[in-house]
Amino acid sequence: MLGTPRSVFALSARQSSPKEAQWTAAIEAHLPSGYERLASRILVGMLIIVYVKTQLRPKITNLLTAAVGTGPCLNYPSSIHR
């Protein structure tokens, strides 16, 4: 299926260096024409960018992004430590 046009591209990169603007410019230089950036989000050490076909963009409404902590849980019951 390689070479088949896609409706959505979701890309992620380690966010150490370069920064979001540099990643965006590099991605858009190689992305086929007819796509636009829908959303981007910087998380701890990671950048996520989503592109959609331009003709689909008007159909996408109420777009929300959020970050949810998923780190290690250190709240153990005290009975474990006895």
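What follows draws every value from the coordinates through simple rules; no lab data is involved. Bear in mind the structure is a predicted one, so any value in this text is a computation, not a measurement.
Taking all Cα pairs closer than 8 Å and separated by 6 or more residues, the relative contact order of the range 1-60 comes to 43 percent. Annotation: amide H of Leu31 has no partner in the under-5 Å range at sequence separation 5 or more or interchain, hydrogens built in the peptide plane. For the range 1-60, a Kirkwood hydrodynamic radius built from all Cα pairs, placed in the Stokes-Einstein relation at 25 °C and 0.890 mPa s, yields a translational diffusion coefficient of 201 µm²/s.
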